[in-house]
1. I'm trying to understand the selection: among the residues of region 293-319, which are surrounded by 14 or more Cβ atoms within 10 Å (Cβ to Cβ), in a strand (DSSP E or B) and within 24 Å of the chain's Cα centre (by Cα)?
2. Taking into account only those residues within region 34-76 that are part of a helix (DSSP H, G or I) and acidic (Asp, Glu), which is surrounded by the most Cβ atoms within 10 Å (Cβ to Cβ)?
3. Please tell me if Gly200 is surrounded by 20 or more Cβ atoms within 10 Å (Cβ to Cβ), touching a Lys or Arg at 6+ places or on another chain (Cβ under 9 Å) and in a strand (DSSP E or B).
4. If only one of Tyr187, Tyr105 is buried (at least 19 other Cβ atoms within 10 Å of the Cβ), hydroxyl-bearing (Ser, Thr, Tyr) and touching a Pro at 6+ places or on another chain (Cβ under 6 Å), which one is it?
5. Going through Asp81, Asp137, Asp142 one at a time, which residue ends up being in a loop (DSSP other than H, G, I, E, B) and within 19 Å of Lys221 (Cβ to Cβ)?
6. With the condition kept exactly as written, say whether any residue in region 166-176 is in the same structural domain as Thr99 (by TED's automatic domain parsing) and farther than 29 Å from Tyr105 by Cβ.
7. Which residues, taken from region 145-169, are of a type in the set (A, V, I, L, M, F, W, C), surrounded by 15 or more Cβ atoms within 10 Å (Cβ to Cβ) and at pLDDT below 95?
8. Of these, Leu244, Leu192, which one is buried (at least 22 other Cβ atoms within 10 Å of the Cβ), under 18 Å from the mean Cα position of the chain (by Cα) and at pLDDT 95 or above?
Amino acid sequence: MKSIKFIVCLLLVTVFVISCKDDDVTVPDVVVRDRGEQQLADSDSLVAYLSTHYYNSDFFLTGTNHKYSDIVITELAAGEDVPAGHTLLLDAVETHSTTYEDTDYDYYVLRLNQGAGDSPRFTDQVRMRYEGFTLVDGTVFDSLATPEDLFLTGSGFTPGLIRAWQLVVPMFNCADSFMNSGGITNYNNFGLGVMFVPSGIGYFSGTGSGSIASYSNLVFKFELLQYEEVDHDADGIPSYVEDLDANLDVFEDDTDEDLAPNYIDQDDDNDGVLTINELVPTTYTVDTNMGETEPTLASNEYELNRSASNGIITINTVTAVDSDNNGTPDYLQEDIAINYNEEEE
């Protein structure tokens, strides 16, 4: 699937709302536990769950475009062997590790279909179907049977998702195609999986919604259908590029130290020239009627928008330049303030 640039209006708010959906709930006072100690307890709970639950693995050996609702996870009764056609979760999941809030976490992914389209980044908008339930008792606290668009990373204007989603969803690919029929969109070969996550990369001491207790380990079955690349501040630089140290955290990258992270700052270096104007604009015209193909963009060139009419595709891009060749692009250097969109007199 060809990603489409999605531009979100700027709102200079640095509060990250950790939510799977925008739930307006009152959160009771909760004693904040030590993250390291809580992770030890959560890890034991997750491994115990994976060791005592199985899923209907043979079901996914035939057919295509299975749904999250096809995934059936069952608890193994005492003394029972895993039934034929099923697999113990512990034998099927991938183990992944991350460091978040100075704490090391393990989380687990059951990969049922990789998907054949492109993969989103952790700052993008994704179209998903999913079901979330608690590890301890299987209580379903949230679900989407109809696809909905969700921002993996929020901006203050829009809420973002819990850390686990930012880590797991980009491991999968979107559908490689879709077709609209009778008002229903059918997706082909999309990402399908299950994530098993500790509270520390979930809601931790928060609750997310009224049916989730604090410090809950969570399970999400999900389908990744489509995604759109996001430029939160509409400055021409995709938000994932504004993660300068590539640590999957755009909140700590603040070049001009003005308390507005680069991904929601329209003048990243505070030199008085907007970031969008420190980028070199280019327009490509592709005539598919003549067999022309789209250009291959440079690694520092980003698509702003495109339009198509009668076989003619117009693509507008911007390129981050390093005019003094010191390894830092102009838009991140306060001592260089060149406006490449300023008309010459």
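1. Glu301, Tyr302, Glu303, Leu304, Arg306, Thr317, Val318
2. Residues of region 34-76 part of a helix (DSSP H, G or I): 35-51, 57-61, 68-70.
In the following step, the residues that additionally are acidic (Asp, Glu) were identified as 37, 42, 44, 58, 70.
Values: Glu37: 10, Asp42: 25, Asp44: 10, Asp58: 12, Asp70: 14.
Checking each candidate, the answer is Asp42.
3. The answer is no for Gly200.
4. Tyr105
5. Working: Asp81 fails: within 19 Å of Lys221 (Cβ to Cβ); Asp142 fails: in a loop (DSSP other than H, G, I, E, B).
Within the list Asp81, Asp137, Asp142, the selection yields Asp137.
6. Checked against the condition, which is being in the same structural domain as Thr99 (by TED's automatic domain parsing) and farther than 29 Å from Tyr105 by Cβ, region 166-176 yields at least one hit.
7. Within region 145-169, no residue meets the criteria.
8. Result: Leu192 is the single residue among Leu244, Leu192 that is buried (at least 22 other Cβ atoms within 10 Å of the Cβ), under 18 Å from the mean Cα position of the chain (by Cα) and at pLDDT 95 or above.
The values are calculated or read from the model by the stated rules, or taken from the named source; none is laboratory data. Values in this document were obtained by computation on a predicted structure and should not be read as measured data. Cβ atoms come from the backbone with ideal geometry, glycine included; neighbour counts cover every protein chain shown.
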